[in-house]
Amino acid sequence: MEERLQKLLSAAGVCSRRAAEDYIEAGRVTVNGRVAVLGDKADLSRDTVALDGVELGPVPEPVYLMLNKPRGYVSTLSDEQGRKTAAELVAYCGVRVWPVGRLDLDSEGLLFFTNDGALTHKLLHPSHQVDKQYLVLVTGDIEAALPVLSGPMALDGVLLAPAQVDRLGPNLLSVVIHEGRNRQVRRMCAQAGLTVKALRRVREGSVQLGGLKLGTWRHLTQEEVDQLRQM
């Protein structure tokens, strides 16, 4: 059956659908020796699809990992500045996987890795509104900041969905958001007059980080994978 090239590349564990689009636009993908363009489809039972001249192999078994990312690691597969990547911490899982979304350099906590392009797309697409919970250590006038954080806010001229904000301690907040805009929680706190001292993602959807040791990873359980698929 014919499928869009982005889906085929993702299903083969080569990259995410978003990255596949970039590869296609860069002329790195061919179908039967012809340079592909966005919108092209192929059927692997009859067509030869290649990335940088390397033919797609059989579709690997899907793999789902949870990493407790430490500070000081970027959430990418490689980095032009030579910084440490979160991908290095899961490099020995046995298959090629990519991060689902991002945590900025100075943040830590829950970060999924997978080779399942369909689930990646589902978790990242704004229409699914997947909850993401963060524990945020802050300084500043928290009492004044709470109604600001819980009320209407905008970043880059875009109105955000209301956040759920709870005070857990003198300087500790729980912040739940749906979107995943660049450094969103930090920028929200800055708008409310707070300075973020530490930030950790502890939940995505119904899957909890739990007691996973910082810098280590584990496979998701089948129950956790099913929960993510049902969101």
Determine the gain in length on full extension of the stretch Asp106-Asn171; use 0.36 nm per residue of separation and subtract their C-alpha separation, reporting nm with one decimal. 21.6 nm
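Using 1/(1 + (r/R0)^6) with R0 = 30 angstrom and r between the beta carbons of Asp131 and Lys197, what's the FRET efficiency to the nearest 0.05?
Working: r = 23 Å, r/R0 = 0.78.
Efficiency, from the Cβ-Cβ distance: 0.80.
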What does the extension gain come out to for Asp43 and Glu25, with contour length at 0.36 nm per residue minus their alpha carbon separation? 4.5 nm
Per residue, accessible area of the range 67-179 with a 1.4 Å probe, heavy atoms of protein chains only, in Å², comes to 48
So the carbon and sulfur contribution to the accessible area of the chain, 1.4 Å probe, in percent, is 50
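Roughly how many debye, to the nearest 20, is the charge dipole of the range 80-187 about its Cα centre, given +1 on each Lys and Arg Cβ, -1 on each Asp and Glu Cβ, and no other charges? All intermediate terms of the calculation are to be shown ahead of the outcome.
Numbers: 11 positive and 12 negative charges, 47 e Å.
The dipole magnitude comes to about 220 debye.
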Calculate, in nm to one decimal, what Gln208 and Glu80 gain on full extension: separation in residues at 0.36 nm each, minus their alpha carbon distance. 42.9 nm
Set the Förster radius R0 to 22 Å, insert the Cβ-Cβ distance between Leu146 and Arg181 as r into 1/(1 + (r/R0)^6), and round the FRET efficiency to 0.05. 0.60
Heavy atoms only, probe 1.4 angstrom, no DNA, RNA or ligands counted: give me Met1, Met231, Met66 ranked by accessible area, highest first. Met1, Met231, Met66
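Over the chain, what is the relative contact order in whole percent, taking alpha-carbon pairs under 8 Å and six or more residues apart? Don't skip to the answer; put the middle values down first.
Details: 449 pairs, mean separation 47.4, N = 231.
Relative contact order of the chain: 21 percent.
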Expressed in nanometres to one decimal, the distance between label points 7 Å along Cα→Cβ at Ala91 and Leu124 is 2.2
Computed helical MRE - 222 nm, the chain, DSSP H runs ≥ 4 contributing -39500 (n - 2.57), nearest 500: -6000 deg cm²/dmol
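Roughly how many debye, to the nearest 20, is the charge dipole of the chain about its Cα centre, given +1 on each Lys and Arg Cβ, -1 on each Asp and Glu Cβ, and no other charges? Write out the running numbers ahead of the final one.
Details: 28 positive and 28 negative charges, 105 e Å.
With only Lys, Arg, Asp and Glu charged at Cβ, the dipole is about 500 debye.
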Roughly how much of Leu172 is accessible, in Å² to the nearest 10, using a 1.4 Å probe? 60
At what distance in angstrom do the alpha carbon centres of the range 149-219 and the range 92-146 lie from each other? 9
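The values are calculated or read from the model by the stated rules, or taken from the named source; none is laboratory data. Predicted model only: the values in this text are computed from it and were never measured. Because the Cβ atoms are built from the backbone with ideal geometry, glycine has one as well, and the counts that use them run over all protein chains shown. Side chains are part of the model used for accessible areas, which takes the heavy atoms of the whole protein and leaves out ligands, DNA and RNA. Shrake-Rupley method; radii C 1.70, N 1.55, O 1.52, S 1.80 Å.
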